[in-house]
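The values are calculated or read from the model by the stated rules, or taken from the named source; none is laboratory data. Keep in mind it's a predicted model, so treat the numbers as computed, not measured. Please note: Cβ atoms are built from the backbone with ideal geometry, for glycine as well, and neighbour counts cover all protein chains shown. Remember, those area values only see protein heavy atoms, side chains included, never the ligands or the DNA or RNA. Shrake-Rupley method; radii C 1.70, N 1.55, O 1.52, S 1.80 Å.
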Amino acid sequence: MTGDFIIIGGGASGLACAIKLKRINPNTSVTIIEKLTTPGKKILATGNGRCNLSNTDITIENYNGDKELASLVLSQFGTDECLAFFKSIGLMTSSEERRIYPLSRSASSVRDLLAMECKNLGVNIITDTKVISIEKKEDMFEIYTESGVYTSKVCVMALGGKAATQHGTDGDGYRMLKSLGIRYEQIYPALVRIKTDADTVRALRGVRVLGTVTVDGLGSESGEIQFTDGGVSGIAVMQFSGQIAKRVANGEKPVLHFDLCPNLSHDEILNLLAEQKAHKPSAKAEEILIGIMNEKLAKVIAEGSNNDVDIADKVKDFTLVANGTDSYKDAQVTHGGVGRDSLMPRSLQSLNVPGLFICGELLNVDGMCGGYNLHFAWGSGILAAKEAAEFASNK
């Protein structure tokens with residue numbers, strides 16, 4: 001089968017790319033090759049099934065990896081552009097604490113409307129078809145699949161990363177990048193639980209607290225912290241996971257600093273301990289701390305502390321040493337990927353393979369939790385479509 005544009009991968013970026021390509025030129029043929037039975041499966045799992053599709057605060061500070069590459073996409077696709085795109089396919093939205101969701105609060109609304117728009121525009125979606133390899137021969141791409149060979153003048157790689165393998169993103173894209181000679185930064189699981197010394201956190205299993213996490217050189221995040229058997233999770237912690245995984249792989253031992261009671265200062269905690277001891281002379285420190293934190297946490301904080309200052313120090317700076325993260329299976333996104341040094345200047349087109357465009361999670365950009373990753377997927381898919389259409393028109 002021969003066509004004008006072939007998009008490998010029918011996830012968020014691939015669907016957005018296909019829609020934009022057909023809108024630019026309705027007379028071109030656009031084909032999506034998707035290995036799963038239905039496109040957009042991973043979309044259904046986002047936002048706990050509600051699809052946190054963007055954020056009202058789309059800024060470069062909310063992204064890791066190649067900042068220049070992230071800026072290229074975000075400068076052309078901000079919150080307003082994202083909302084306009086979804087309104088154009090019939091999706092109404094609303095926001096909660098800056099996070100943007102479909103008005104239905106159902107991820108299936110997003111996936112279904114994207115698929116419906118593809119059908120309405122005449123995008124050919126081929127499912128249950130795994131791509132084995134990509135070759136560039138003269139001016140044509142040959143895409144070898146389990147069911148045959150497809151050829152096109154332009155190819156877009158939108159295969160996703162390696163996170164959440166149960167949704168089809170098993171890292172196939174990196175194998176194809178290597179075969180084409182396209183360099184990419186080492187990848188790591190991100191937005192995932194961070195592993196720590198099991199003995200330290202075992203007694204805290206199941207404890208949740210609203211606090212602040214700080215990692216030297218990476219900054220601070222506030223929000224929910226959840227202690228588990230062998231590690232620590234929660235949004236505030238997972239924001240650091242991709243960079244933590246990278247540091248551990250490089251032989252470092254990153255230290256997580258937790259402020260377990262950000263509403264009280266160090267002095268206010270000391271005053272609380274002194275006042276309650278005066279009021280209840282026989283009370284233990286862990287009993288007093290129950291007034292401001294979970295009893296399991298209070299016990300761990302009090303154990304081994306020599307005095308009130310030690311206790312206040314631990315409340316405001318409880319430390320754990322990271323020794324890794326959970327696997328890609330449990331990760332939400334991938335940290336690392338193709339950066340600007342492998343692409344044409346200010347473009348998503350491959351530097352060494354003309355006519356090949358890369359978008360979505362294969363790029364070296366990963367966002368914080370809160371709709372940033374899906375926003376980048378839509379935006380990079382649409383930018384890839386614009387560039388691919390221009391490339392084709394100049395051939």
*Would you check which residues across region 103-125 are of a type in the set (S, T, N, Q) and in contact (Cβ under 8 Å) with a residue 60 or more places away in the chain and list them?*
Ser108, Asn124
_Condition (residue is under 15 Å from Leu374 (Cβ atoms), in contact (Cβ under 8 Å) with a residue 40 or more places away in the chain, assigned to a helix (DSSP H, G or I) and not polar (S, T, N, Q)) applied to region 86-102: is it met by at least one residue?_
no
*Please verify whether region 122-141 includes one or more residues that are out of contact with any helix residue (DSSP H, G or I) (no Cβ under 6 Å at 6 or more places or on another chain), under 17 Å from Cys359 (Cβ atoms), open to solvent by less than 30 Å² (accessible area, probe 1.4 Å) and assigned to a strand (DSSP E or B).*
yes
*If we only count helices (runs of 4 or more DSSP H) wholly inside region 239-355, which ones have 3 or more residues that are open to solvent by less than 70 Å² (accessible area, probe 1.4 Å) and without any contact (Cβ under 8 Å) to a residue 60 or more places away in the chain?*
266-279, 285-289, 295-302, 308-316
_Report every pair of residues separated by at least 6 positions or lying on different chains whose Cβ atoms are under 8 Å apart, first residue within region 9-37 and open to solvent by less than 10 Å² (accessible area, probe 1.4 Å), second of a type in the set (Lys, Arg) and not in a loop (DSSP other than H, G, I, E, B)._
Val30/Lys22
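Inspect region 200-208 for any residue being among the polar types (S, T, N, Q), part of a helix (DSSP H, G or I), at pLDDT below 95 and under 18 Å from Leu297 (Cα atoms) and give the result as yes or no.
Yes; the residues of region 200-208 include at least one that is among the polar types (S, T, N, Q), part of a helix (DSSP H, G or I), at pLDDT below 95 and under 18 Å from Leu297 (Cα atoms).
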*Go over the candidates Ser75, Ser71, Ser94 one by one and state the one that is farther than 18 Å from Gly379 by Cβ, hydroxyl-bearing (Ser, Thr, Tyr) and surrounded by fewer than 19 Cβ atoms within 10 Å (Cβ to Cβ).*
Ser94
*asked:* Please go through region 97-115 and give me each residue that is open to solvent by 30 Å² or more (accessible area, probe 1.4 Å), farther than 17 Å from Gly381 by Cβ and not acidic (Asp, Glu), ordered by number.
replied: Arg98, Arg99, Leu103, Ser104, Arg105, Ser106, Ser108, Ser109
